[in-house]
Amino acid sequence: MPQFSLETFLPEAAEILRVPVDQLTLESDDSNVSSWDSLSAVMLAMMVESNYGVALSSAQTEQFTSVRKIVDIMTGFEKA
């Protein structure tokens, strides 16, 4: 599995969310990024699965509402 890092994730997430990468931080979420909707969350989950070789559960996908939650989920995969 390729290693997850913010340096690689944020540019990819910015493209999906259609925002400049410098506007995304650990505090970015669906309440402060106007383009972060349910479709974007699914697209982020699909990108993570494809790029990092993980299989997300539906419960994990439902948590794709903030950068911090995504990092927490991916950190869990790396510890497993």
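Among the residues of the stretch 1-55, the ones that are touching a helix residue (DSSP H, G or I) at 6+ places or on another chain (Cβ under 9 Å), assigned to a helix (DSSP H, G or I) and hydroxyl-bearing (Ser, Thr, Tyr) come to 3 in all. The listed residues are Glu78, Glu62, and the only one of them that is in contact (Cβ under 8 Å) with a residue 40 or more places away in the chain, farther than 17 Å from Pro11 by Cα and not aromatic (Phe, Trp, Tyr) turns out to be Glu78.
Per-residue answers, yes or no, for (1) charged (D, E, K, R); (2) modelled with pLDDT under 95; (3) out of contact with any Gly (no Cβ under 8 Å at 6 or more places or on another chain); (4) closer than 16 Å to Gly76 by Cα:
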position: Ser5; (1), (2), (3), (4): no, yes, yes, yes
position: Glu12; (1), (2), (3), (4): yes, no, yes, no
position: Ile16; (1), (2), (3), (4): no, no, yes, no
position: Ser28; (1), (2), (3), (4): no, no, yes, no
position: Ser31; (1), (2), (3), (4): no, no, yes, no
position: Trp36; (1), (2), (3), (4): no, no, yes, no
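In the stretch 2-34, which residues are in contact (Cβ under 8 Å) with a residue 60 or more places away in the chain and surrounded by 11 or more Cβ atoms within 10 Å (Cβ to Cβ)? Hits for the stretch 2-34 are Phe4, Leu6, Phe9. Evaluate the following for Val54: is it over 10 Å from the mean Cα position of the chain (by Cα) and under 17 Å from Gln3 (Cα atoms)? Here the answer is yes, as Val54 does meet what is asked.
The values are calculated or read from the model by the stated rules, or taken from the named source; none is laboratory data. Everything quoted here is computed from the prediction, not taken from an experiment. Note that each Cβ is placed from the backbone with ideal geometry, even for glycine, and that neighbours are counted across all protein chains shown.
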